[in-house]
Amino acid sequence: MKKNKKKESYDNYLVQELKCPVTGPPEFVEMYQRFAKRILWIDGSVVPGAFQMNTAWYYRVPERSPVFPEHVHEEDELIGFFGSNPEDPYALNGEIEVAIQGETFLLTKSTLLFLPGNVPHMPMRILRVDRPIFHFSILMGQTYQGGAYQ
């Protein structure tokens, strides 16, 4: 006769509410909330063992430029910017300026950036927002380490 084995639940792996750690000084947090809406955040403190990921909508040009200064992480990072027009998903419907190791790029199309660990990147400037821009960043460590939130 077989024993019924209790099935393990994986509901703790679902993140459906924002559980964001403090990301910078109060002035930065207030400024960020005026041009962006953070959606979800995951890291090792939200789900043990998870790497860090942040998602947000950018919906206006911030009063501060650059938003994020040049910084570096030990881990690899993937950053995405996506336009919100389903009829033209490659159009960013805005302009974002980013730099990788001092080389500046003007983004006008939906873009993925891969940044190997220890490569200096940013500053980032949001120059124009015609429609909301979906943004995400994934850092391959369990906590955010870096100097972006200043």
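Worth a mention:
- So Thr55, is it of a type in the set (Val, Ile, Thr), at pLDDT 95 or above, over 14 Å from the mean Cα position of the chain (by Cα) and part of a strand (DSSP E or B): no
- When segment 10-26 is limited to residues that are polar (S, T, N, Q) and open to solvent by 70 Å² or more (accessible area, probe 1.4 Å), the one that is modelled with the lowest pLDDT turns out to be Asn12.
- Being touching a His at 6+ places or on another chain (Cβ under 8 Å), over 16 Å from Thr23 (Cα atoms), open to solvent by less than 60 Å² (accessible area, probe 1.4 Å) and of a type outside the set (Ser, Thr, Tyr) is a property that Leu139 lacks.
- Pairs meeting the criteria (first residue in segment 83-103 and under 17 Å from Val72 (Cα atoms) and small (Gly, Ala, Ser), second residue at pLDDT below 95 and in a strand (DSSP E or B), beta carbons under 8 Å, at least 6 apart or on different chains) are lacking.
- Against the criterion of being open to solvent by 60 Å² or more (accessible area, probe 1.4 Å) and either over 25 Å from Glu30 (Cβ atoms) or touching an Asp or Glu at 6+ places or on another chain (Cβ under 9 Å) (or both), Gln150 does not qualify.
- Flag for Ser45 being over 21 Å from Thr143 (Cα atoms), open to solvent by 20 Å² or more (accessible area, probe 1.4 Å) and small (Gly, Ala, Ser): no
- Selected residue (criterion: most open to solvent (accessible area, probe 1.4 Å)) from residues of segment 63-109 that are among the polar types (S, T, N, Q) and either closer than 14 Å to Ala148 by Cβ or in a loop (DSSP other than H, G, I, E, B) (or both): Gln101
- Taking first residues from segment 55-66 that are β-branched (Val, Ile, Thr) and partners that are open to solvent by 90 Å² or more (accessible area, probe 1.4 Å) and at pLDDT below 95, no Cβ contact under 9 Å between residues at least 6 apart in sequence or on separate chains turns up.
- Qualifying residue in segment 110-119 (condition: open to solvent by less than 60 Å² (accessible area, probe 1.4 Å), more than 21 Å from Arg38 (Cβ to Cβ) and not in a loop (DSSP other than H, G, I, E, B)): no
- Taking each residue of segment 1-17 that is charged (D, E, K, R) and looking for partners that are surrounded by 10 or more Cβ atoms within 10 Å (Cβ to Cβ) and modelled with pLDDT of 90 or more with beta-carbon atoms closer than 9 Å, six or more apart or interchain, yields Glu17/Leu40.
- With respect to the stated conditions, Pro132 is farther than 14 Å from Val72 by Cα, buried (at least 16 other Cβ atoms within 10 Å of the Cβ) and not acidic (Asp, Glu).
- Residue-level analysis places Tyr32 among those that are within 23 Å of Leu139 (Cα to Cα) and either surrounded by 15 or more Cβ atoms within 10 Å (Cβ to Cβ) or of a type in the set (A, V, I, L, M) (or both).
- For segment 120-129, a residue qualifies if it is open to solvent by less than 30 Å² (accessible area, probe 1.4 Å) and part of a loop (DSSP other than H, G, I, E, B), and exactly one does: Met122.
The values are calculated or read from the model by the stated rules, or taken from the named source; none is laboratory data. Note that the coordinates shown come from a computational prediction; the quantities given were computed from them, not determined experimentally. Glycine gets a Cβ as well: all are built from the backbone with ideal geometry, and neighbour counts include every protein chain shown. Ligands, DNA and RNA are excluded from the accessible area calculation, which covers all protein heavy atoms including side chains. Shrake-Rupley method; radii C 1.70, N 1.55, O 1.52, S 1.80 Å.
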